[in-house]
Each structure stands twice: as C-alpha cells, then as structure tokens.
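Chemist: Dumping the structure here so I can ask a few things about it.
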Amino acid sequence: MSYKVLVVDDNEANRELIHGILRTAEDNYDVLMAENGQSGYETALKELPDIIFMDMKMPVLDGIEAIKLLQAEETTKRIPVIVVTAFNTPENLEAAFKAGAFDYITKPISIGELKSRVNKAIGVVESFRRAQEKINKVEGEKLELEKIAMVSESTSFAFLIVKSNGELEWANEGFEKIHGYKLEEFKSVFGNTIFSLTSTPDIVNIFNRCLKNRVPVDFISKIKPRKGGEKWIQTFINPQINTNGGVEKLLVVETDISVFKNKEEELHEQYRRMREISQNLEKANTLLGEQTLEINRQKRQIEEEQAKSEKLLLNILPFEIARQLKSKGRAGTRQYKLVSVLFADFKGFSTISKNIEPKDLVSILDSYFAKFDEIIGTHYLEKIKTIGDAYMCAGGLPLSNKSNPIDAMLAGLEIQQYMNSLNDSKVLNNLSVWELRIGIHTGPVVAGVVGRKRVAYDIWGDTVNIASRMEQSGHVGMVNISGTTYDYIKDFFDCNYRGKVEAKNLGKIDMYFVSRIKPVYSADKLGIKPNEEFINLINKL
C-alpha cells in the first residue's frame, strides 16, 4: 500500500537521508519535503500526509510550534508526528509530547529505528482508517432504516412520542402490531414509561445519554409480544430540541427486524463492536497529544504477538536478512566491496577465567557484550558473532554504505572509552580490571547465511583475517587500524603511525593507533562524540 510522508527539516542532508531509507522499505512512500516549520505546516494542511517527520530546531517556526498548529486543525490533528532530534533531553521530549507528538527518533538516524517508528505510526493510521470505515458502514445502515421508517406507518414500524421524564405519551397503530397491545393497555399492564418497553439493562443509561448529549441514540433488544414468542426490535430515540436548547420531547421509532433472523446475531455483534470502537476513538481523540494511549495499548498487544514469532530470528540475523528469509524463504551470499570489520578481545582472559566462578564469568561477559551491542547499534554496525571472549562486528552490510569505516571507528573509540572508564573505577575500588584490545580493517568480504538448521549470518575473506590481526597486534585501551582503514578516516580522526608492524601469517602491515576525533569535529573534550558539522559531512558520503 502507498502512504504519503512529509519530512520537515532545515537540513537538506537529513531530509534526503530519511527519503533514502523510506525508499528501501517494503511499503511505497510518497515523500514530501519542507525546510522549516511554517512551510511544513502549510504543506500538511494542503496535502494531508499519513505521517510527518518533524525536526525540533528550525528557523521561521520551530518543530514544537508547528506541532501545536497542526493539533489545532481538525484535518491534521490525528496525523502521527514523529519528532527527529539530536537534543533528546527529557525536557525536550516532554515538550514535544505535550505539544502533540506521537513518537521520536534521535540523530544520527538509525535505519532500523526509523523503519520501526514508521511501521508503528502506519499501524495507528490503519487502525483509524479501519475503524472509520466500519463506523461509516454502520451509520449508513442506520440512516437507511430511518428512511424506511419515515415512508409509512405500516405494521413493521411503531412511532412513539415520549416526554423528557420517560413517560409514554402517544403511539401509532404500528405499536399494537409490534407489541400486541394498544398503548393504554400496555401502560396499564406494564407501566407508562419507555423503560417498560424493553428488558435491556442499559436502557436507563442510553436514555439519559440521549437527554444529556442531545443526540440520537439507538439499540437492539428482544421483546415478548402479547401473542407469545419473541421479536427483535431496533429502537431509535431522537431528541426534539426546543428554542431554549433543552429536550422538549423524544421521537422513538421501533422497527421489527425479526424477518432478518438469519442476520440478527451478526448485526448485534456489529453494533456492539461499533459502540466499543467509538468509545476507544473518543478516548484516542482526547489523548492523541499524549501518544494516543488507548490505541498504543491495542497496538502493543499486536506488536507483542508479532515479536514472539520474530524475536529469535532478529536476535541472530540482521533485519534485512531476516526480512529476506521471511519474504523469500532464503537469503543467499553476497559480495561487498567496502566493509569495515571490528574485532575486540580481552587480554589475559585465560588467567582471568581461572580466578572467577563460571557463572560469574559468563555474567560479566554478558554485561560487557550487551554494552558493546548497544554502542555498535548506534553506529549502524551489525554484530556478527562472539567466540569466547572475542567480539566481532562489521559495518557496510547487509545494506551497503560509504560511511562504514568512520562508523566502525566511532564505535571502537566509544567501546574503549567505556572500558577505560570502567577500569578506572575498578582500580579505585581495588577490583581486577578487564583490558580490551580493538582492531579494525576495511576491505571486501563475502557475507550470507550458512546452514539449514541453527542458521547464522557470517562473513568471510582476507579482510576478516587482517582485522583479527589488527586486534592481536594492538595495545590494551587503544584502537589499532590498518593503513587501508586509515586512508578512509584520516581527515576526521587524530592518528599515530606505528610503522610497518609484523602480523602473523601476513607479514608487515602499516598500522595506526587512533586516539580521538579531531577537535574541530568533536562535541566533547575526549574526542569520542562527533559534533553536528561532523555528522553533516558523513551524511553526505
């Protein structure tokens, strides 16, 4: 199915990045662009997109004010707005959600995160669309019945006038033909109020809602007429408003729908569901500014069921490979010209493992590798595997990109900074430290899924072997790279040439230690976090 997406961002590179990611999605997306909040607001009013991506910091009109304007418009207030921001502080996110944002993603943009957020928003759009279609269908059926009732006072219809206190005042001849009693007879036997007409337990609430809201209501009930048996009755109550705005009297139309016996249960269930959906939509309309909590509850239930079947697959395979397996039933091998492979390994692990209980050793490794998973995920790298205390990941696959040498470099620096900081704390507390070596090399690889049982995504080639030697030839606390990787990242990072270093089975190879991001491109003193200029340059690669 095709969906219309509006991207509002003053940075052209960010707009093109989102556009490019959406082009790889399974669904078709018609992407519209706007360079500031004012232009985005005007485009949304004109085009009525299904989803809006909104940057927070923009000239002319910022994202928060643009969202507030969209929420004030009847035609745009239900459109899910996903905030795109590099300033994901609690204060900024709180302001965005109060203004009416549906969700958010952080910069630099993750492909998997963006697709997940889009799928989530599309689920909400489709829920609204299906609910509205069902409501329109039921409303159409109700209007048709009302038109039929207005044509004639035949035996199939009863028309009553009821006072605002519920007292039955007048009925036509159709009343006797439905119930088997003239109105006065009925009142003397069963009572003189509308509540005597049916055993529906919710009749008092329905009647009071009609009076309070001054809108028509309807319900279906079963009655026992004078001649015995049962009849199904469709009842419409329409309030007649006086000049003072109060309810003067109520017009009640009863329709004998027993002839539709074969469809009675279906209609009953349909109306019940429509009332339920209407209640959920009322809640959703009032809570849309706080992420439409009721709809999210239903959406989460669906996502949880889907996650049960997909969790294992996505835990062992990259998203794109898992998608191929699900859609095609297979995922073959593929050659990549530019991939950056990162190896990390703990020095002296054999000695460390002798002094720690096995369960404690596994627990510590799990905590470290979980943190590594988190870090590489923010830099578009895919975890390949772990072998004992060794950790292997790669960038530039299964979706190719030109930035993978820099992505791998950023991940390596952040992992070492995490380990160095952790070890500093352990030294202060007289605890044993775990020292880490990291090596990176860039080059061609072959990647794919191997095996038919317990399938695994893996990579092969000299690039993998050289990356492993970079780790083995490195120093603890440092990131050691090959001369090939250096050529790709030298303009952005401070590097120290080590000369030609002997690598096992490979001879002498140019190697460099990378200490930090160049100060001109760094957002912090340690040189670990890139600034906005750095990110903009990388996005253009």
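Chemist: Filter segment 507-525 down to the residues that are among the hydrophobic types (A, V, I, L, M, F, W, C) and under 19 Å from Arg437 (Cα atoms) and list them by number.
Modeler: Passing the criteria: Ile509, Met511, Phe513, Val514, Ile517.
Chemist: Still on this model: Test Ile111 against the criterion of being under 21 Å from the mean Cα position of the chain (by Cα), closer than 22 Å to Asp407 by Cα and not assigned by TED's automatic domain parsing to the domain that holds Thr378, and give yes or no.
Modeler: yes
Chemist: How many of the residues making up segment 178-198 are in contact (Cβ under 8 Å) with a residue 24 or more places away in the chain and of a type outside the set (Ser, Thr, Tyr)?
Modeler: 7
Chemist: Just wondering, is there one or more residues in segment 460-475 that are aromatic (Phe, Trp, Tyr), crowded, with 20+ Cβ neighbours inside 10 Å and assigned by TED's automatic domain parsing to the domain that holds Ser515?
Modeler: No, the conditions are met nowhere in segment 460-475.
Chemist: Scanning for something modelled with pLDDT of 90 or more and farther than 21 Å from Gln291 by Cα, does segment 60-76 turn up at least one residue?
Modeler: yes
Chemist: For segment 381-389, state whether one or more residues are assigned by TED's automatic domain parsing to the domain that holds Phe513, of a type in the set (A, V, I, L, M, F, W, C) and over 20 Å from Thr106 (Cα atoms).
Modeler: Within segment 381-389 (the criterion being assigned by TED's automatic domain parsing to the domain that holds Phe513, of a type in the set (A, V, I, L, M, F, W, C) and over 20 Å from Thr106 (Cα atoms)), the answer is yes, since at least one residue qualifies.
Chemist: Checking Gly527 against (1) in a strand (DSSP E or B); (2) in contact with a strand residue (DSSP E or B) (Cβ under 6 Å, 6 or more places away or on another chain), which test does it fail?
Modeler: So the condition that Gly527 fails would be (1).
Chemist: Checking the condition of a type outside the set (A, V, I, L, M, F, W, C), in a helix (DSSP H, G or I) and closer than 16 Å to Arg437 by Cα, which residue from Ser363, Ser367, Ser350 passes?
Modeler: Going through Ser363, Ser367, Ser350 in turn, the sole match is Ser350.
Chemist: Now for a separate question. If I ask for residues that are closer than 18 Å to Val341 by Cα and either crowded, with 17+ Cβ neighbours inside 10 Å or not assigned by TED's automatic domain parsing to the domain that holds Arg437 (or both), which ones from segment 481-492 would you list?
Modeler: Within segment 481-492, Ile481, Ser482, Thr484, Thr485, Tyr486, Tyr488, Ile489 meet the criteria.
Chemist: Turning to a different aspect of this structure: Report yes if some residue within segment 418-434 is under 28 Å from Lys337 (Cα atoms) and either out of contact with any Leu (no Cβ under 7 Å at 6 or more places or on another chain) or assigned by TED's automatic domain parsing to the domain that holds Lys383 (or both); otherwise report no.
Modeler: no
Chemist: Another question, then. So which residues in segment 502-519 are surrounded by fewer than 18 Cβ atoms within 10 Å (Cβ to Cβ) and farther than 27 Å from Ile111 by Cα, if there are any at all?
Modeler: Glu502, Lys504, Asn505, Leu506, Gly507, Lys508, Asp510, Phe513, Ser515, Pro519
Chemist: If you scan segment 10-62, which residues turn out to be assigned to a loop (DSSP other than H, G, I, E, B) and either surrounded by fewer than 14 Cβ atoms within 10 Å (Cβ to Cβ) or of a type in the set (Val, Ile, Thr) (or both)?
Modeler: Matches in segment 10-62: Thr24, Glu26, Asp27, Leu48, Pro59, Val60.
Chemist: Every residue in segment 357-366 that is surrounded by fewer than 14 Cβ atoms within 10 Å (Cβ to Cβ) and either farther than 14 Å from Ala390 by Cα or in contact with a Ser or Thr (Cβ under 9 Å, 6 or more places away or on another chain) (or both), please.
Modeler: Glu357, Pro358, Lys359, Asp360, Ser363
Chemist: Within segment 479-500, work out how many residues are of a type in the set (S, T, N, Q) and outside any strand (DSSP E or B).
Modeler: 2
Chemist: Which one is surrounded by the most Cβ atoms within 10 Å (Cβ to Cβ) among residues in segment 63-79 that are of a type outside the set (Ser, Thr, Tyr) and part of a loop (DSSP other than H, G, I, E, B)?
Modeler: In this case the residue turns out to be Ile79.
Chemist: Follow-up question, since we're still on this one. Mind checking which residues of segment 292-302 are at pLDDT below 75 and of a type outside the set (A, V, I, L, M, F, W, C)?
Modeler: Thr292, Glu294, Asn296
Chemist: Right, here's the next one. Please enumerate the residues belonging to segment 371-382 that are in contact with a Phe, Trp or Tyr (Cβ under 8 Å, 6 or more places away or on another chain) and either surrounded by fewer than 21 Cβ atoms within 10 Å (Cβ to Cβ) or assigned to a loop (DSSP other than H, G, I, E, B) (or both).
Modeler: Lys371, Ile375
Chemist: Do the conditions hold for Val118, that is, is it surrounded by 19 or more Cβ atoms within 10 Å (Cβ to Cβ) and under 22 Å from Lys540 (Cα atoms)?
Modeler: No: the conditions fail for Val118.
Chemist: Kindly indicate whether any position in segment 80-87 is surrounded by 15 or more Cβ atoms within 10 Å (Cβ to Cβ), modelled with pLDDT under 85 and part of a loop (DSSP other than H, G, I, E, B).
Modeler: Yes, there is a match, as at least one residue in segment 80-87 is surrounded by 15 or more Cβ atoms within 10 Å (Cβ to Cβ), modelled with pLDDT under 85 and part of a loop (DSSP other than H, G, I, E, B).
The values are calculated or read from the model by the stated rules, or taken from the named source; none is laboratory data. Since this is a predicted model, take the numbers as computed values, not measurements. With ideal geometry, Cβ positions are generated from the backbone for all residues, glycine too; neighbour counts draw on all protein chains shown.
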